[in-house]
Every structure is written in C-alpha cells, then in structure tokens.
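Asks: Can you read through this structure? Questions will come right after.
The values are calculated or read from the model by the stated rules, or taken from the named source; none is laboratory data. Because the structure is a prediction, the values reported are computed rather than measured. In this analysis, Cβ positions are derived from the backbone assuming ideal geometry, glycine residues included, and neighbour counts consider all displayed protein chains.
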Amino acid sequence: MPHDAITWLHLSDLHGGPPDDAGWAVLDQELRADLLHMAESLGPPDLVLLTGDLARTGEAPEYDQVDRLLERLDRWLGCSLPVVAVPGNHDLVRPRSPWRYVALRDYEAHPTLHRDLWDEGQPLLEPLFPHYGAWAARRVIEPLLQRGYEAHASPRVPGDLSVVFDKGQLRLGVVGLNTAWTHLDDDAEGRLHVLARQLYAALPPDPSGDPLAWFDDLDGALLLTHHPRGYLDARAKRAYKKAIHPPRRFVLALCGHQHEPWGEIASGLGGRPRAFCQAPSLYGMPYHGPGQKDRTWGYAWGRFTKGGQVRVWPRRRIEHDGGFRLEPDLGYQPAKDALGGVVMA
C-alpha cells in the first residue's frame with residue numbers, strides 16, 4: 001500500500017431494500033471478487049465515499065442494509081474503513097403535508113427562509129432526513145471523531161460535512177454537500193439548490209474568520225454531492241461554479257444519481273480545468289426512471305497522490321460467459337495501466 005497516496009472506493013445509489021433482497025447476494029459475490037482483484041494491485045482502500053441514495057424511501061430499516069454492506073467490505077478487505085457520505089433524494093422522507101415545504105422549491109424568493117435557516121438556525125430541514133441523519137451521526141461522524149479524524153458536521157443542513165484524512169505527509173480534505181433538500185418531487189432537473197453558505201457551514205469555524213481557511217493546509221480536496229451540477233437551477237449553477245467549486249479548490253467532484261458512469265474534465269476560456277466523476281448504481285432495482293431504462297451497475301476506485309495526480313478506476317458490470325462480472329469501464333479513456341485507470345488531474 002503506497003504511503004504517498006490516499007485511495008478510496010466510490011459507491012453510489014445503493015437503494016438499500018429490505019434485508020431479504022435476494023439480488024444483493026448475487027451482486028455481493030461479484031463485488032467481493034472484484035474488490036479482491038483490484039486490491040491485489042492497488043492495496044486496500046483508505047476510505048469509502050458514498051454519494052447518496054443509500055435507501056429507497058429513507059426509512060430506518062433500509063440503513064441496516066447499508067450497515068451490513070459496510071461490514072462486509074471491512075471483512076473482505078481485512079480493514080476497518082472510515083466512511084464519508086452525503087444524502088440523496090431517496091434518503092429524503094417526503095412529507096405527508098408537502099405544502100409545508102412548497103417554499104423550498106423557490107428558495108431564493110423567500111427571504112424569511114434564509115433568515116430562519118441561516119440567521120436563526122431553525123431546524124427546518126431535519127424533518128426531511130430523520131433516518132439518514134441518525135444513521136450518518138452513528139455511522140459516519142461518530143466513528144470519524146472516535147478515530148481522531150478532523151470531522152465537522154454542519155449545524156444547518158443535514159448531511160453537509162467536512163473531514164481531513166492524513167496519511168504520511170499527505171493531507172486530503174473531503175467536503176460533502178446535500179443537494180437533495182429541494183428534491184421534493186420527480187420534476188427536479190434544473191431546479192435544485194446548493195448554496196455557498198452550505199459550504200461555509202460544512203467547514204469548521206476558523207479563528208481568522210475566513211470560512212475557507214480550512215483548505216490552506218491541504219494537499220488536495222474532494223467534493224461529494226448526490227446530484228451532478230446539471231440538476232441545479234441557474235442561480236445555484238453560478239454559485240457552484242464561482243463560490244463552491246471554482247478552479248483549484250477541489251481536485252475532483254464526485255456524484256451519482258443518474259445511474260450512469262460519467263467523467264469530465266472541464267474548463268472555461270483560459271481557466272484551469274475542473275474534474276468530475278459520476279458513479280453508476282451499485283445495487284438496487286434493475287430499472288429506473290421514465291420508460292424504465294436499464295440500470296448500469298458498478299462502482300469506482302480512486303487515488304490522490306502527493307504530487308497532485310488524481311486517478312480513478314471505473315468498474316462496470318458486464319455479461320461474461322453466461323453470467324456477469326465487474327470489469328474496467330471502457331467508456332472512459334484509460335491511462336496506461338493494466339486496470340484501466342483514468343487520469344483526472
């Protein structure tokens with residue numbers, strides 16, 4: 001295992017169902033075999049990153065399935081992996097009285113919402129993520145703090161957090177932002193919000209008063225969201241580009257939601273590039289969305305090295321010899337390594 005690199009597993013859209021979901025057992029065999037195959041070359045990962053939709057309906061029993069998966073990962077890989085997660089829209093419990101949350105859809109038009117949420121700190125969003133919030137406190141934040149990691153949970157938006165991982169002389173920060181808090185119905189593309197204030201509240205307070213001082217002593221940082229940036233409304237897209245994820249702040253942004261693997265290195269005119277990596281669904285229902293499109297199953301490995309390079313190894317479930325197995329995703333342009341790695345930065 002290299003001491004000048006931090007390696008992660010990127011899993012998304014688990015859609016954890018009831019404990020007797022037989023489909024998980026078949027996928028488990030394939031996942032275990034692929035993890036062990038990859039670990040032979042890369043070594044065991046240092047952490048697990050979950051980019052939302054851990055549950056199907058956001059109910060408490062569904063997170064037991066997530067716990068069991070994480071326990072199996074630890075057992076297969078022979079180590080206890082720290083976990084960083086963000087919620088998705090399936091982790092949101094849709095309210096029985098949705099009229100109470102209609103104003104969230106047009107958040108910018110309601111200054112009283114800004115005051116109540118940010119100035120007065122009212123727990124307006126906690127009722128939308130009750131079971132995810134309890135799971136994340138128990139399975140993400142508390143274990144990170146117990147193991148001595150610099151972890152901070154936002155006091156404003158459920159699921160927003162930051163943590164620093166140290167390995168040798170390498171310091172990697174991970175920021176998670178909840179993009180699902182306005183995803184209250186199925187018509188969400190181009191309508192969601194994410195705020196610069198979310199980023200600031202997800203970071204630990206600094207004595208200097210600069211909310212972004214957290215980044216100063218890091219070698220690099222990752223940004224986790226559930227939705228890709230195309231799901232944000234026009235104002236949120238501008239905030240994302242200018243205040244949340246400007247060039248050079250994050251070495252890679254990771255997301256899920258669309259159940260398709262996807263990667264991009266994008267830059268404006270004369271600007272430095274920003275890298276994005278979207279993971280497919282790992283488990284869950286075989287079809288999704290309008291027209292019941294086939295779901296792509298898979299996951300990814302990733303690595304950040306001291307020199308600043310980011311490489312990902314996307315894995316995709318394909319038919320093979322009458323069955324299925326996980327192999328390199330040939331939809332990416334691979335780097336010159338035997339595992340089909342892709343250089344993102």
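Asks: From A221, A243, grab the single residue that is among the small types (G, A, S), more than 21 Å from L49 (Cα to Cα) and touching a helix residue (DSSP H, G or I) at 6+ places or on another chain (Cβ under 9 Å). Full working, then the answer.
Replies: On the way: A221 fails: more than 21 Å from L49 (Cα to Cα).
After ruling out the rest, the residue left standing is A243.
Condition check ((1) under 16 Å from the mean Cα position of the chain (by Cα); (2) farther than 22 Å from G121 by Cβ) across all residues:
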{"residue": "Q169", "(1), (2)": "no, yes"}
{"residue": "R191", "(1), (2)": "no, yes"}
{"residue": "K241", "(1), (2)": "no, yes"}
{"residue": "I244", "(1), (2)": "yes, no"}
{"residue": "R249", "(1), (2)": "no, yes"}
{"residue": "G263", "(1), (2)": "yes, yes"}
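Asks: If you take the residues in segment 164-193 that are among the aliphatic types (A, V, I, L, M) and closer than 20 Å to L54 by Cα, which one is modelled with the lowest pLDDT? Working first, answer last.
Replies: Quick first cut of segment 164-193, residues among the aliphatic types (A, V, I, L, M) only: 164, 170, 172, 174-175, 177, 180, 184, 188, 192.
Narrowing the set further to residues that are closer than 20 Å to L54 by Cα leaves 174-175, 177, 180, 184, 188, 192.
Details: V174: 99, V175: 99, L177: 99, A180: 97, L184: 85, A188: 88, L192: 94.
Here the residue is L184.
Asks: Continuing with this model, one more query. If I filter segment 12-34 for residues that are of a type in the set (A, V, I, L, M), touching a strand residue (DSSP E or B) at 6+ places or on another chain (Cβ under 9 Å), outside any loop (DSSP other than H, G, I, E, B) and at pLDDT 95 or above, do I get at least one hit?
Replies: No, segment 12-34 has no match at all.
Asks: How many of the residues making up segment 68-110 are under 24 Å from D13 (Cβ atoms), free of Cβ contacts under 8 Å to residues at least 40 places away in the same chain and assigned to a helix (DSSP H, G or I)?
Replies: Residues in segment 68-110 being under 24 Å from D13 (Cβ atoms), free of Cβ contacts under 8 Å to residues at least 40 places away in the same chain and assigned to a helix (DSSP H, G or I): 3 in total.
Asks: Another question, then. Which ones in segment 35-67 are in a helix (DSSP H, G or I), surrounded by fewer than 18 Cβ atoms within 10 Å (Cβ to Cβ) and in contact with a Pro (Cβ under 9 Å, 6 or more places away or on another chain)?
Replies: Residues of segment 35-67 that are in a helix (DSSP H, G or I), as a first pass: 35-42, 60-67.
If we keep only those that are surrounded by fewer than 18 Cβ atoms within 10 Å (Cβ to Cβ) too, we end up with 36-37, 40-41, 60-61, 64, 67.
Residues satisfying the conditions are A60, P61, D64.
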